[in-house]
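This report refers to the structure that appears directly beneath it.
Each value in this text was obtained by applying a stated rule to the coordinates, not by laboratory testing. As the structure is a prediction and not an experimental result, all values here were calculated from the model. FYI the Cβ positions are ideal-geometry reconstructions off the backbone, even for glycines, and counts take in every protein chain you see.
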Amino acid sequence: MQIRLQFFDEEEEILLLDKDSPLRNLVPLRTLQEIRAAIETIDVFTVPIPSRSANVILSSLRAIVPTSLQHLRRLVKPCYIPDPLVDFLAVPPTPPEENILYLLVCPVADISEDNLSNFLRELPAFSTTGTIPRIMTIAVPSSQPISAAQATEWSAKYWPAVYKRGNPYGPHPSLVSQTLRGLVDPENHILLAKRTAAKAAFSGEGLGFGAVIVDPQTGQVLAAAGDARLRCNEKGWSNPLDHAAMRAIDMVAQRRLGRAQNVRPDNKVEVWDGIYLEDEEASGKIVTKVNGNSNIKKEDTDGDANGENGKEADDRRDDGYLCHNLQVYLSHEPCVMCGMALLHSRVGSVVFGTRMTRTGALNAEAGGKQMGLFWRPELNWKFICWQWRAGPGEEMESHENVDA
Ligand SMILES: [Zn+2]
């Protein structure tokens, strides 16, 4: 049976990509709630009722059970009953279909079957004949569909569903499209992250992970950092937390400290915890900081980000968050520590290359940690996240059990 549903017109804001567009390699991550919404069903009662009594029955019903499941059609013509239910519901094969409608009563938790029988028996539509329609239990999706496509799928499988504009479980499709359009040369920046990762591994000072941070307003690479957890300082100590993303965030921080915005009444500019630019002592400290930062960057990047140092100002509004709405490109899916650091820094979007099935914090799909840190309702910041689909031979080593 062909399902004819005309209530989906929500796709107009979705970005249409050319066949050859590199953006087709970007696979948006599904949020944890989206994944849960896609699989959870709930048992509900349904009964066939005479269509001429539908309005009376519906208003009587509203008096005894709460209205819920608003993403599902309350009254459904037999021709719209999905194929898998046709036999079970004993749907009449041909017209006159309009004589009956299937009423989605409510979740079985909201009323007992006995009480529902009694309710039906007292309705004028059935009290005269003394027979009540068969009460049937079916499983339907418990939460709203997140896209028109999902509503269509559910309508064909469970029960006619309604897709309302928006996405209660993740970013609105138009936000995803808009953010996708705003990505600055993702193909080259993911490549830079991978090359930085390869350099880190080759140097022996870190594992093969790389991170690049880009300012979408200027297109500038603000930081490119390789993992450095194996690097020893003069005392022979290494820092196991020197992950690529943490180092890249730190580089952005150093840049911003180098051009701090706090101005005293005497026009002196604060650069570091109460130290001001015009104080002689401060300028020495700043130079040290900036030089140190420059050196780190030089050894971690392969030229694209070289020549940029902490003294270069950008014109972003100083809102107190280090990476507000910046774009982050990672060779690998970050660990929980780096994922939370990106979140707290308020990045705008993240693209990563290789999924880290055992340790990655961004994916919510089955088979991993299923944390979906990029978009969770209990966290006070969310960002859009994609995985860059590697072409043949482009896949990087995944270091399965390691935190990236
Ligand atoms: Zn990490």
* Dividing the Cα convex hull volume of segment 39-166 by residue count, how many Å³ per residue is that? -> 111 Å³
* With the Cα gyration tensor of segment 78-144 giving a ≥ b ≥ c as the square roots of its eigenvalues, does the rule (a/c under 1.5 for rounded; else a/b larger than b/c for prolate; else oblate) give rounded, prolate or oblate? -> oblate
* To do: Give the long-range amide H neighbours of residue 353: residues separated by 5 or more places, or on another chain, with amide H under 5 Å away, using H modelled in the peptide plane at 1.01 Å from N.
  => 330, 331, 332, 333, 388
* With a 10 Å radius around each residue's Cβ, average the other Cβ atoms per peptide and rank 148-156, 179-187, 194-202, highest first. => 194-202, 148-156, 179-187
* Whose amide H sits under 5 Å from the amide H of residue 206, counting only residues 5 or more places off or on another chain, with H placed in the peptide plane? -> 230
* Structure fact -> For 205-212, 104-111, ranked highest to lowest by mean beta-carbon neighbours within 10 Å, the order is 205-212, 104-111
